[in-house]
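In what follows, a structure is listed as structure tokens, so that the remarks can point back to it.
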Amino acid sequence: MATTARSATLTPTYGERMLDAYIASQPPRITAGKKLKIPNDFQLSRLVDGKPNQFSPAAELTKGRVALFFMPRAFTPTCSNQHLPAVVEAYPEFRKRDIKVFVMSPDNRDVMSAWFRAHDEKGIKKGAVALLTDNCTENKCSDTAPLQQAKELLKAPSAFMIEQIPDYLGDLGRLLGIATKKCEDRHLGLVFPRGVALLHKGLVLDARFEQDPGKCETSHPSKLLDDYERIYKQAQEMHWIE
């Protein structure tokens, strides 16, 4: 009988077994009330201004208030058409609350940088960056706010901006207990569930994930912003924070 395409009932390949073992050995998924447990010497590489830059999650994710968005893969439909644009659009509102925004996906630094650059070329990211200029107040910018000034601010390493976390091997995702292979297309291999976590000095105040990775509802930034005051009030009542 002729060989046919491998069905889901056949024995998994060696690579699939290795991935299953990798995922199965991770700690429990992050939940509200728990501290992030990331080794201080753990680092990831990303591109800043087109140049490789070492990034320490243990240091950066434990400073102040952080909104950490998890996306299955760069350039996938829901991530590109809904989730990332929504995060960029909501960025000024996060900034008002002194919340630093990170986007994390299991992609290498080149792919993630190209993904952000593609959105920049469409004007999505530029619109958010323009709100960072000194000529802007609230959600309105003066007509004279120069785009070049916004671009230069974007390049500044200390600028309050959306940060990329390219977790190519899924090591950080595994430390957070979110590594999986369930997505819109299983052939993507290791992915992250679509979600978001609100952190305060490394403490998880809220963590929410979509049941359907093809949807962006529970993890939509506007939903998190709507619940922001309630989340912080609850954390104070629980004596998690002062």
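Kindly rank 70-80, 219-229 from highest to lowest mean number of other beta carbons found within 10 Å of each residue.
70-80, 219-229
Among residues other than Gln82 with Cβ under 12 Å from its Cβ, the summed charge is -1 (Lys and Arg +1, Asp and Glu -1). Using a simple spin-label model with pseudo-atoms 7 Å out from Cα toward Cβ, Leu169 and Gln236 lie 4.3 nm apart.
Computed from backbone phi with θ = phi - 60° and the Karplus coefficients 6.51, -1.76 and 1.60, the 3J(HN,Hα) list for the range 165-176 is 10, x, 9, 3, 8, x, 5, 5, x, 5, 4, 8 Hz; x is used for glycine and proline.
Give the calculated FRET efficiency between Lys34 and Lys96 to the nearest 0.05, with a Förster radius of 41 Å applied to their Cβ-Cβ distance. Calculated transfer efficiency: 0.95.
Based on the alpha-carbon gyration tensor of the range 27-104 and its eigenvalue square roots a ≥ b ≥ c, which shape applies: rounded if a/c is under 1.5, prolate if not and a/b is larger than b/c, or oblate? Taking the square roots of the gyration eigenvalues as a ≥ b ≥ c, the range 27-104 is rounded.
Full extension of the chain segment joining Thr13 with Ala59 gains 12.8 nm, where the gain is 0.36 nm per residue of separation less the Cα-Cα distance. Amide H contacts of Asp167: Ser105, Asp107, each under 5 Å away and 5 or more positions distant or on a separate chain (H built 1.01 Å from N in the peptide plane; Pro and chain starts excluded). If you add up the charges near Phe55, with Lys and Arg at +1 and Asp and Glu at -1, over every other residue whose beta carbon is less than 9 angstrom from its beta carbon, what do you get? Once positives and negatives cancel, what remains is -1. Quick one: of Lys201/Lys233; Lys100/Lys181; Lys35/Lys233; Lys63/Lys233; Lys181/Lys201; Lys35/Lys100, which pairs are farther than 25 Å apart, Cα to Cα? Result: Lys100/Lys181; Lys181/Lys201 exceed 25 Å. What you get for the range 196-242, charging only the Cβ of Lys and Arg (+1) and of Asp and Glu (-1), is a dipole of about 80 debye around the Cα centre.
Where a number appears in this text, it was derived from the coordinates with a stated rule and is not lab data. Just so you know, these numbers come straight off a predicted model, no measurement behind them. Please note: Cβ atoms are built from the backbone with ideal geometry, for glycine as well, and neighbour counts cover all protein chains shown.
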